[in-house]
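Worksheet for the structure shown next.
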Amino acid sequence: MIEHSDGTFQDRYKKYFQDLQDRTESYKMLNYSLQQKAKNAFGENIFSNPELPADFDLNSLDGKFFEARQYIDYSMPYSDRMFQEFIDMKKTPVNSLFTYNTDNGKIVSGAYLIGKSKYDKPVLFALSVVRDRKDKNHFTINLQVSPQGKTWVDLVRLDNNDSKHLNYIVNNKLVASEEDLLPAPTPHIHKNCEMAQVLFHDNLTHTPCKHLPHLDAYLDSPSMLKESLDYFIKYTGLNIDYDHNLGNDLNFDFNHPLFTYSSLEYMDKPNTSKVL
C-alpha cells in the first residue's frame, strides 16, 4: 500500500489507479490511437523501421542534449520484443564525449552510440551518467533510443538516489489493487515496455523497475558507481569503456572524462561505420 511518511494512505493514488484500470479496459484501442499519433508525427514506418537513414548527419548531434533532463513528448508503444531488441543491440559510442555541470549540483557524462540492428542497420542511442557532485553515490545511468533520429524513447535506467518507485505493472499486468503497489527501493533498474508506453502515455517518466539486491553490498562503498556501471554496460550491450585510472570511485570531471576516447568510433554518416 502507498503511504505518506506518517503512514497515512495517499488518497490521490486511488483516482490515478482507477484511471489506469480504465485504460487497461480499452488497451487495444488506446494502443492503436497512440501508434497512429506517432506515425502522423514521425512517419508511417517509425515502428517497423527504427534505423537511421544512411545520410543522417552524425555531426549534428551536440552536447545540448545532455545539459538537462530530456522529457519525452510522444508515447512510442513498441512491442516488448522490439524493446528487448533495442537493449540487446551491440552499441558503440561515436565522435564525441560530453561532460557538464548542471545548475542543480549534478555532473553529467554523455555519449551518443550507434547500435547494430538484426538487419545490420544503424540505430541511434544516447547514454548518460548523472551524478551528484557532493554525494557521489547518488547517480542515474540512463540509456535512450532514437527511432530514425526523430524522437527519443527511454529504454533502461539504473537509479541509486534513495528514492522508491511504485510498480504498477508486474509480470506485464496492471496490479490488481492499490494494496499491491509495492515500492522498489534503490538501487533499482527501469526497463521500458509496451504497456508502460500505453498506460502512462501522459507520464512517460514511469516505467516498471526492480530492485538490484546484488548491488546493496556497495551502497556505502566508493565503488558503487563502478559496480553499477559494470552491470549496466553488460546488461545493455554497450561497447564502451570507462577510464580505470579514475580509481574505484570513478570521480570524473571536465578534465578527466568518465569514458575513454579510445572507445569512440568517428563517422560522419551511419553508412561509414565500421561496426555495421
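Working note: Karplus 6.51/-1.76/1.60 with θ = phi - 60° gives region 189-197 the couplings 10, 9, 9, 6, 7, 4, 4, 5, 5 Hz, where Gly and Pro are set to x.
Of Leu30, Leu215, the order by accessible heavy-atom surface (1.4 Å probe, DNA, RNA and ligands excluded), from most exposed downward, is Leu30, Leu215.
For region 168-261, chymotrypsin sites (Phe, Trp or Tyr not before Pro) meeting the loop criterion (DSSP other than H, G, I, E, B) and having at most 10 other Cβ atoms within 10 Å: Phe254. Partner aspartates and glutamates whose Cα lies under 17 Å from the Cα of Lys118, excluding those fewer than 8 positions away in the same chain, are identified as Glu51, Asp80, Glu85, Asp88.
With every protein chain in place, what's the accessible area of Lys226 (1.4 Å probe, Å², nearest 10)? Answer for Lys226: close to 40 Å² accessible. In this structure Val156 has an accessible area near 0 Å², from a 1.4 Å probe over the protein heavy atoms. Which is farthest toward the positive dipole end of the chain among Ala111, Ser223, Ala38, measuring Cα position about the Cα centre, with Cβ charges +1 (Lys, Arg) and -1 (Asp, Glu)? My answer, from the dipole projection, is Ala38. Considering only Thr186, Thr24, Pro93, the residue lying farthest towards the positive end of the dipole of the chain is Pro93, judged by Cα position with unit charges set on Cβ. Phi angles across region 60-66 convert, under the Karplus curve 6.51 cos²θ - 1.76 cosθ + 1.60 with θ = phi - 60°, into 3J(HN,Hα) values of 7, 7, 10, x, 4, 4, 8 Hz, Gly and Pro given as x. Here is the list for region 33-126: chymotrypsin sites (Phe, Trp or Tyr not before Pro) lying in DSSP coil, each with at most 10 other C-beta atoms within 10 angstrom of its C-beta, are Tyr71, Tyr119.
Each Lys and Arg adds +1 at its Cβ and each Asp and Glu adds -1 at its Cβ; summed about the Cα centre, region 1-156 shows a dipole of about 200 debye.
A cut-off of 5 Å between modelled amide H atoms, ignoring neighbours fewer than 5 places along the same chain, links Leu212 with His188, Ile189. The dipole here belongs to the chain: it is taken about the Cα centre, uses +1 on the Cβ of Lys and Arg and -1 on the Cβ of Asp and Glu, and is about 580 debye.
Mind checking which of His206, Pro53, Tyr74 is farthest towards the positive end of the chain's charge dipole, using Cβ charges of +1 (Lys, Arg) and -1 (Asp, Glu) about the Cα centre? Positive-most Cα among the choices belongs to Pro53.
The values are calculated or read from the model by the stated rules, or taken from the named source; none is laboratory data. Note that the structure is a prediction, hence the values are computed from the model and not measured. No Cβ is skipped: glycine too gets one built from the backbone with ideal geometry, and neighbour counts run over all protein chains shown. Side chains included, ligands, DNA and RNA excluded: accessible areas come from the protein's heavy atoms. Shrake-Rupley method; radii C 1.70, N 1.55, O 1.52, S 1.80 Å.
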